[in-house]
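The values are calculated or read from the model by the stated rules, or taken from the named source; none is laboratory data. Quick caveat, the model's predicted, so the values are computed rather than measured. Positions of Cβ are backbone-derived with ideal geometry, glycine not excepted, and every protein chain shown enters the neighbour counts. We work out accessible area using only protein heavy atoms, side chains counted, and drop any ligands, DNA or RNA first. Shrake-Rupley method; radii C 1.70, N 1.55, O 1.52, S 1.80 Å.
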Amino acid sequence: MSAASLQEAAPGGLTSAEASSRLQKDGPNAMPDTSAHPLRNALAKFWAPVPWLLEAAIVLQVASHKYLEASVIAGLLLFNAALAYFQEGRAQATLAALKSRLALNASVRRDGAWKTVPAAELVRGDLVKLSLGGVVAADVHLVGGSVSLDQSMLTGESLPLEAGPGVDTYAGALVRRGEATAEVTATGVQTKFGRTAELVRTAHVVSSQQKAVLRIVRNLAIFNGGVILLIGAYAFTHSMPWSEIIPLLLTSVLAAIPVALPATFTLAASFGARSLVKLGVLPTRLSAIDEAATIDVLCSDKTGTLTCNQLSVTSIRPMPGFDEAHVLGMATLASSEGGQDSVDAAIRSASSRKPASDLPRLNKFVPFDPARKMSEATATDEKGSVQRVIKGAFTAVAGLTTPPPSAAGIADELEKQGFRVLAVAASSPASMQFMGLIALSDPPRSDSTSLISELHALGVRAVMVTGDAPATAAIVAHAVGLNGATCPPGPLPVDVKPRDFAVFASILPEGKYDLVKAFQKNGHTVGMCGDGANDAPALRQAQIGIAVSTTTDVAKSAAGVVLTKPGLGGIVAAVKEGRITFQRILTYTLNSTIKKVVQVLLLAIGLIMTGHAVLTPMLMVIVMITGDFLAMSLTTDRVRPSQKPNAWRIGSITSACVILGGCFLAFCTAILAMGKYEMGFGVEALRTLSVVGIVYASQATLYAIRGRHHLWGLRPTIWLVLSSIADVLIISILAIRGIAMAPLPLSVIAGEFGASIVFGLILVGVKMPVFARLGIS
């Protein structure tokens, strides 16, 4: 902040009139509410490709006075919309959490007196008081006093900031010790905290699952739409009556809609989420399950993610004549007890594990003074002599003693390793002796190294992204197995790639957010793991944001996955479960796409062969209910997860569907030809024959494609087996008894069932080279 602006506030603070004027000009010290109306969110679920097709089908059914069929399709439409509605709104939840972290009230000097006002009423130039345990309510510039500030949730720096006059700090920082006065420099969305909230609100990435659904539906719509137009043109040029053309076109539309595809994606993710919850992983949005399968880059925060976010004593270097226990013990005398100082708490904890005998008795403790960079105590030993004990920065303590020649070298060595180094000295008032050095650090979590190793084995490259200093970050990265270069501080390199660097340090929220976007721009699917408000924008922008168990509400709301148990093993669990879910969805997608293409083409072939529609709207509704929705049991199936990141390769999936669909179509065409030319069936019997053939062949296709590179998939679950039995029994009973279709002899149904088994065996032999060639795994 400029000197001129610092002089805007009088020593007694602003007047109420001036504060009111600035409040009108700058707005409240709060973030605007941008939440959409729930009704608008609900209606949006009916505005997408699959809902459009279903809505068109409902209109056609009503226009044809087919109210039962219209009601069934409307029920399917509502089912899909309801599932989607309750899984959204994450950005608004993030903003609400960000608001909750702002202090509700602030102590401010107005009209020459200190007052308590709502934090939303603070303005630039206000003089505020920062007190122990409080939350800084706006970005401020300290003008008096001294405080210890915890800014880890904003900057990622685990060590507290000792702040005095001239230091700037940000909204959301916690006051751990001391008291100070400060001038407000920014409020509301202009604060660093506010800009973080704005980044979260605007951060958005379309999930690969959404892209896959859109592209699959688009491809189906283009292909099947073209076939439907040809069917309509053929029927019209061959003088079919409109009473037959309209049902024919309606049947074609129903045959082309992957009605249960979005619901299956949601249901499969729900089952995956349920499995992850048992492992201590809580998905906050279901699309994160699918994204976990596709990530090939993990951007991991350091503090609280790869490390414990808790200072501990790493090394004790006693000078000649002293031992580690006594160095720690004397340092404990000069440490606060029961306070919020993380340094003193770490020293006390280490001393309790390595107690020293004959320590002097504490008389008086003087807290840490940022100006002197030390704390001290006076104590009485067993002989009644008074000792002075000091603990603080090496340079400060060395200025009061005569340290051994090796002390400076040891301190420099420890600092280069990223440790915070404290010196301890004690003596009678006349003679001060340098006792030793204590090095503190935020140690890596015990499971971080194994996590990085497992992710590498799964084809996921991990990089560290932190606001901490490059030297400290590089040391932690090496300790957990992240070997590689450290990105130089400053603007990100143009066209940066994950393989270029292993560590990105000294990065603020905007930088993390920009880095995620840069990786995505280069075609990577990015996971972001973090724990603080500073990680929220990047967590939201990443395809999957992962918040650790000790995270803030801000990070939890922005993340797609929250680890509810200590440790980072949940990340590997999420990747593995995501890949299981992906395989289940892929099987359903292949089966559904093949069937939708075949059904429309069979209508075209049947029209040419018989001059009539070989399927009716009612038969298509039956296929939807028995086939599409019973096949959703695939969401419980046993599958083999891939060892590499998955990807929705729509081109490969389409090619596979064309080849396997050709086999499916050949089977159904052969059944239809057999019925017409060999058995002499009429059009009604041919319709029954066709719908039974579609259902049987669909089941054969489903079991053939469950395993990608094996003859057979793993043993199916009981739910899949039961749904298959139900599908076969329902269509068989309807066909034999002539319910909603013409009856067929049992012998014909049995023969069709046997033929479908042979077809399935042939398809198994076809699918293996096809999947291998197209890279579908």
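Some observations on this one:
The rows are residues; the columns are (1) of a type in the set (Lys, Arg); (2) crowded, with 21+ Cβ neighbours inside 10 Å.
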position: 344; (1), (2): no, yes
position: 364; (1), (2): yes, no
position: 378; (1), (2): no, no
position: 391; (1), (2): yes, yes
position: 400; (1), (2): no, no
position: 405; (1), (2): no, no
position: 434; (1), (2): no, yes
position: 447; (1), (2): no, no
position: 451; (1), (2): no, yes
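- Selected residue [at pLDDT below 85, among the β-branched types (Val, Ile, Thr) and within 16 Å of residue 305 (Cα to Cα)] from 546, 507: 507
Condition check ((1) at pLDDT 95 or above; (2) charged (D, E, K, R); (3) under 18 Å from residue 696 (Cα atoms)) across all residues:
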position: 717; (1), (2), (3): no, no, no
position: 720; (1), (2), (3): no, no, yes
position: 727; (1), (2), (3): no, yes, yes
position: 733; (1), (2), (3): yes, no, yes
position: 754; (1), (2), (3): yes, no, yes
position: 765; (1), (2), (3): no, no, no
position: 770; (1), (2), (3): no, no, no
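- Checked against (1) touching a residue at least 60 places away in the same chain (Cβ under 8 Å); (2) buried (at least 17 other Cβ atoms within 10 Å of the Cβ), residue 244 meets all criteria but (2).
- Just one of the listed residues (372, 461) is in contact with a Pro (Cβ under 6 Å, 6 or more places away or on another chain), open to solvent by 50 Å² or more (accessible area, probe 1.4 Å) and not aliphatic (A, V, I, L, M), and it is 461.
- Top-ranked residue in segment 591-604 [being open to solvent by less than 10 Å² (accessible area, probe 1.4 Å) and of a type in the set (A, V, I, L, M); ranked as farthest from residue 62 (Cα to Cα)]: 594
Yes or no, residue by residue, for (1) open to solvent by less than 20 Å² (accessible area, probe 1.4 Å); (2) assigned to a helix (DSSP H, G or I); (3) closer than 16 Å to residue 667 by Cα:
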{"residue": "696", "(1), (2), (3)": "yes, yes, yes"}
{"residue": "710", "(1), (2), (3)": "no, no, no"}
{"residue": "714", "(1), (2), (3)": "no, no, no"}
{"residue": "725", "(1), (2), (3)": "no, yes, no"}
{"residue": "732", "(1), (2), (3)": "yes, yes, no"}
{"residue": "748", "(1), (2), (3)": "no, yes, yes"}
{"residue": "760", "(1), (2), (3)": "yes, yes, yes"}
{"residue": "767", "(1), (2), (3)": "yes, yes, yes"}
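- Of the criteria (1) open to solvent by 30 Å² or more (accessible area, probe 1.4 Å); (2) in contact with a helix residue (DSSP H, G or I) (Cβ under 7 Å, 6 or more places away or on another chain), which one residue 351 fails: (1)
- Scan of segment 393-430 for residues that are touching a residue at least 40 places away in the same chain (Cβ under 8 Å) and not in a helix (DSSP H, G or I), ordered by number: 403, 404, 417, 418, 419, 420, 422, 424, 426, 427, 428, 429
- Residue within segment 636-655 that is under 22 Å from residue 238 (Cβ atoms) and not small (Gly, Ala, Ser) present: no
- Residue 594 being at pLDDT 90 or above, farther than 30 Å from residue 275 by Cα and touching a helix residue (DSSP H, G or I) at 6+ places or on another chain (Cβ under 9 Å): no
- Qualifying residue in segment 520-534 (condition: in a helix (DSSP H, G or I), in contact with a strand residue (DSSP E or B) (Cβ under 9 Å, 6 or more places away or on another chain) and either open to solvent by 50 Å² or more (accessible area, probe 1.4 Å) or at pLDDT 85 or above (or both)): yes
- Per this entry, residue 681 is counted among residues that are farther than 22 Å from residue 627 by Cβ, of a type in the set (Phe, Trp, Tyr) and either open to solvent by less than 20 Å² (accessible area, probe 1.4 Å) or touching a helix residue (DSSP H, G or I) at 6+ places or on another chain (Cβ under 9 Å) (or both).
- Qualifying residue in segment 700-708 (condition: hydroxyl-bearing (Ser, Thr, Tyr), open to solvent by 20 Å² or more (accessible area, probe 1.4 Å), modelled with pLDDT of 90 or more and within 18 Å of residue 593 (Cβ to Cβ)): yes
- Test for residue 658: is it buried (at least 22 other Cβ atoms within 10 Å of the Cβ), within 26 Å of residue 248 (Cβ to Cβ) and among the aliphatic types (A, V, I, L, M): no
- Out of 635, 626, 593, 654, one residue alone is closer than 21 Å to residue 688 by Cα and assigned to a helix (DSSP H, G or I). It is 626.
- Residue list for segment 450-465, restricted to those being β-branched (Val, Ile, Thr) and either at pLDDT 90 or above or under 16 Å from residue 310 (Cα atoms) (or both): 452, 460, 463
- Criterion (open to solvent by less than 10 Å² (accessible area, probe 1.4 Å) and within 36 Å of the chain's Cα centre (by Cα)) met by exactly one of 328, 286, 306, 279: 306
- Test: residue in segment 583-590 that is among the aromatic types (Phe, Trp, Tyr) and crowded, with 22+ Cβ neighbours inside 10 Å: yes
- Here the helices (runs of 4 or more DSSP H) wholly within segment 1-98 that include at least 2 residues being farther than 30 Å from residue 169 by Cβ and modelled with pLDDT of 65 or more are 38-44, 49-63, 67-85.
- Whichever residue in segment 605-616 is part of a helix (DSSP H, G or I) and open to solvent by 10 Å² or more (accessible area, probe 1.4 Å) and, among such residues, is nearest to residue 58 (Cα to Cα): 605
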